[in-house]
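Only one structure is covered here, and it is reproduced in the block below.
The values are calculated or read from the model by the stated rules, or taken from the named source; none is laboratory data. Bear in mind the structure is a predicted one, so any value in this text is a computation, not a measurement. Virtual Cβ from ideal backbone geometry, glycine too; neighbours counted across all protein chains shown. In case anyone asks, the SASA skips ligands and DNA or RNA and just uses the protein heavy atoms, side chains included. Shrake-Rupley method; radii C 1.70, N 1.55, O 1.52, S 1.80 Å.
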Amino acid sequence: MSQLFSIFGDPVSHSRSPLMHNSVFKSCNYDACYTRTHLLDATKLKEQFFALQLSGANVTVPHKEAAFDACDEVRGFAKKVGVVNTLINENGKLIGYNTDADGFMYAISEFNTIKKILVIGAGGTAKALVSRFIEDDIEVSVLNRSASRLEYFKELGCDAFTWESFECAKYDLVVNTTSAGLKDANYPCPKEMLISILDATHYAADAIYGRLTPFLQLAKEKGITYKDGADMLLGQGVLANELFVNYTLKKEDIKVAMQKSFLL
Ligand code: NDP
């Protein structure tokens, strides 16, 4: 029987995940289809997942922490961070995984040694990335608009700042994990602050893909080596697809087919 997959998010119309996964299913002759679901109320995630009779799904902004709560069981790195971006229907049970963090490590593997990172934002993506960086003994600071989400990072041993308390240091890499710039022209922090941050870093990376965000535009103007979230998207997508097809396809075939979808 043909399988159905979906991405849940709000907004979700920008997502390239349907194109990426359908490209794999088509080129590998895998009998499945991937769609998108605009989910406003995160508490309805599980109900919608089973109402659509999905075999699996991805979850994007702002529902990844709610997805963790919706699962019957959470496995691997997702368990550690409380953030789920991939769901699998395992015999009627909702199983949660996180493939974002390893996807991002793949994306920055081309940068030279990274020892100190500033993460802007403190949402689900930041939680996953920061925990993963710490696993690799990278020193991490976090900067967020509001204070309420910073406690988690302090407990991990990070310096964690609001815009009011921020003290700039030297960084190898600055990562924007906020949704500022996704659908608007906002900077992830006040412009003057961002200028001082970019003057103190070697590299800049954005989790947002498919557009030059104001954050990356400023990095570009300063001549800093930067990348958008496309490679992170590819990395997390390959790992999610392996889970969707239960490892019946070759990783390299998945990657090649997904990469092709980026040209569409
Ligand atoms: P969350 O909703 O969990 O967190 C959003 C964060 O952004 C919060 O820290 C919030 O701050 C901050 N924020 C939102 N708007 C602004 C603003 N105007 N100015 C400053 N800060 C702001 O989102 P996620 O962590 O799930 O996703 C974040 C981004 O990463 C999204 O754009 C998503 O598309 C992208 N992403 C890309 C991936 C890829 O594969 N390339 C994978 C995963 C995510 P506050 O706490 O003050 O509200």
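Evaluate the Kirkwood expression for the hydrodynamic radius of segment 1-78, namely the inverse of the mean inverse distance over all pairs of different C-alpha atoms, and round to one decimal in Å.
On the way: mean 1/r = 0.0765 Å⁻¹.
Result for segment 1-78 stands at 13.1 Å.
Out of all DSSP beta bridges with both ends in segment 15-167, state the antiparallel percent to the nearest 5.
Details: 8 of 19 bridges.
Antiparallel bridges: around 40 percent, rounded to the nearest 5.
Dimensions of the chain along principal axes (Cα, Å, largest first)?
Ordered largest first, the chain gives principal extents of 56, 36, 34 Å.
On full extension of the chain, what length is gained from ARG211 through LYS260, given 0.36 nm per residue of separation minus the C-alpha to C-alpha distance? Walk me through the numbers before you get to the answer.
On the way: separation 49, 0.36 × 49 = 17.64 nm, distance 1.82 nm.
Contour length minus the Cα-Cα distance gives 15.8 nm.
Taking the Cα centre of segment 153-264 as origin, work out the dipole magnitude from +1 charges on Lys and Arg Cβ and -1 charges on Asp and Glu Cβ, in debye rounded to 20.
Values: 12 positive and 15 negative charges, 91 e Å.
Dipole size: approximately 440 debye.
Of LYS127/LYS227; LYS44/LYS260; LYS116/LYS251; LYS79/LYS220, which pairs sit farther than 25 Å apart, going by alpha carbon to alpha carbon?
Flagged as over cut-off: LYS44/LYS260; LYS116/LYS251; LYS79/LYS220.
Between HIS38 and GLU155, with labels modelled 7 Å along Cα→Cβ, what's the label distance in nm to one decimal, could you check?
Going from the HIS38 label point to the GLU155 one covers 3.6 nm.
Using Cα-Cα distances under 8 Å and only pairs 6 or more residues apart, what relative contact order does segment 102-228 have, in percent? Intermediate values should be presented prior to the final figure.
Values: 220 pairs, mean separation 27.4, N = 127.
Here the relative contact order equals 22 percent.
Take the solvent-accessible surface of the protein heavy atoms, probe 1.4 Å, and return the percent of it on the chain that carbon and sulfur atoms account for. If you can, show how the numbers build up before the last one.
Values: 5860 of 12130 Å².
Result for the chain: 48 percent of the exposed heavy-atom area is carbon or sulfur.
Cross-link partners among aspartates and glutamates for LYS222, C-alpha distance below 17 Å, same-chain residues fewer than 8 apart left out?
ASP172, GLU192, ASP199, ASP206
Provide the percentage of antiparallel DSSP beta bridges, counting only those with both residues in segment 1-88; round to the nearest 5.
Details: 3 of 14 bridges.
Antiparallel bridges: around 20 percent, rounded to the nearest 5.
How many Å² of accessible area per residue for the chain, probe 1.4 Å?
Numbers: 12130 Å² over 264 residues.
Spelled out: the 1.4 Å probe surface of the chain, per residue, equals 46 Å².
Considering only protein heavy atoms, what is the solvent-accessible area of THR99 at a probe of 1.4 Å, reported in Å² to the nearest 10?
Answer for THR99: close to 10 Å² accessible.
In the chain, with Lys and Arg counted as +1 and Asp and Glu as -1 at Cβ, which of these residues, MET193, SER261, PRO11, has the Cα nearest the positive end of the dipole, that is, farthest along it?
Checked the options; the winner is SER261.
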